[in-house]
1. Under the Kirkwood approximation applied to all pairs of distinct alpha-carbon atoms, what is the hydrodynamic radius of the chain in Å?
2. Residue by residue, what Karplus-based ³J(HN,Hα) values in Hz, rounded to whole numbers, does the range 155-162 have, using 6.51, -1.76 and 1.60 with θ = phi - 60° and x for Gly and Pro?
3. Which cross-chain or sequence-distant (5 or more) residues have an amide H under 5 Å from the amide H of Phe176, H modelled 1.01 Å from N in plane?
4. Report the per residue volume, in Å³, of the convex hull enclosing the C-alpha atoms of the range 1-117.
5. Where the convex hull is taken over the Cα atoms of the range 52-124, what is its projected area averaged over directions, in nm²?
6. Given the -39500 (n - 2.57) contribution per DSSP H run of 4+ residues, what per-residue ellipticity at 222 nm results for the chain, rounded to the nearest 500 deg cm²/dmol?
7. If you rank His263, His18, His214 by fewest surrounding Cβ atoms within 10 Å, what's the result?
8. Less than 24 Å apart at the alpha-carbon level, and either on another chain or at least 8 residues along: which lysines does that give for Lys43?
Amino acid sequence: MDSRHFLTLCDTTPETLHRLLRRAQDLKALRRQGVLHEPLRGKVLGMLFEKSSTRTRVSFEAGMQQLGGNAIFLSPGDSQLGRGEPVEDTARVLSRMVDAVMIRTFAHETLERFAAYSAVPVINGLSDSYHPCQVLADMQTYLEHRGSIQGRTVAWIGDGNNMCNSYINAARQFDFRLRIGCPEGYDPDPELAAQAGERVSVHRDPAEAADGAHLVVTDVWASMGQEEQQRHRERAFAPYRVTEALMARATEDAVFMHCLPAHRGEEVDAEVIDGPRSVVWDEAENRLHAQKALLEALILGATATEDDTGRQPA
């Protein structure tokens with residue numbers, strides 16, 4: 001791996017990201033074939049959760065176990081971070097005891113501060129600014145179903161949130177066009193959008209964003225920590241629900257993704273998320289495989305050091 005940490009998709013190169021996707025596919029195949037593959041035997045992942053999770057915890061914990069290692073779960077009440085210990089001190093100590101750290105937190109600055117003082121790789125399991133592991137799994141899912149996403153058009157419908165920011169980074173790294181359909185006042189990070197140049201455009205009309213798209217993606221209207229804004233957001237985002245009519249504006253072979261959990265009847269209709277164009281269940285499963293490739297790469301320092309049987313090459 002050409003980078004020490006994985007805090008955003010732009011922390012590494014497009015070439016490395018593509019290698020990670022290929023490795024994720026290999027690891028998925030090994031898992032389905034029942035091949036024992038334990039390159040991380042004796043390794044430990046420390047997991048710090050300020051935000052609760054289903055998919056992030058299970059995918060990282062199961063992934064480490066499947067790779068032969070172990071994972072330690074720490075909630076705010078389980079660590080001194082929840083009692084005011086400086087992030088820098090926790091990083092110095094924890095990184096002397098484990099081989100990598102995954103953090104799911106609110107402020108992205110927390111991740112950056114932790115990484116600056118950590119002796120081991122740090123992975124962003126989600127912050128208020130980015131969700132790179134999820135988008136890595138999304139890219140794997142599109143590759144499996146439709147091939148390369150390079151040159152394609154992706155429609156992001158809804159809030160310009162952490163997922164949207166990571167899709168902006170993905171547009172740069174995987175070379176696709178991203179149309180963001182969102183209401184005024186809910187735009188993604190303008191600096192990020194500017195860095196992406198012509199690859200990214202913002203639209204107030206969701207139908208305009210979805211026109212000719214090869215992938216349509218959405219997320220909940222109120223993310224964790226925004227529950228008090230729910231009613232206001234429901235009014236603002238009502239025209240941005242992903243319906244069958246909106247999907248009809250996309251290409252005939254377009255697929256639908258959602259990082260979950262989903263609220264049917266709010267950001268997406270049941271007919272879409274449970275319909276034939278939805279790949280959300282493969283997308284959810286691929287968190288496991290994409291993150292296993294990432295863990296292997298960061299902890300071992302390479303993405304392609306083993307053959308298809310999981311054995312070290314001669």
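1. About 19.9 Å for the chain.
2. 10, 9, 10, x, 6, x, 9, 4
3. Amide H neighbours of Phe176, under 5 Å, 5+ apart: Gly151.
4. 111
5. Taking a quarter of the hull surface, the average projection is 4.7 nm².
6. When only DSSP H runs of four or more count, the value is -12000 deg cm²/dmol.
7. With the sparsest Cβ surroundings first, the list reads His263, His18, His214.
8. Lys28, Lys292
The numbers here are math on the coordinates, done by the rules we state, and not lab data. Since this is a predicted model, take the numbers as computed values, not measurements. Ideal geometry is used to build each Cβ from the backbone, glycine not excepted, and the neighbour counts take in all protein chains shown.
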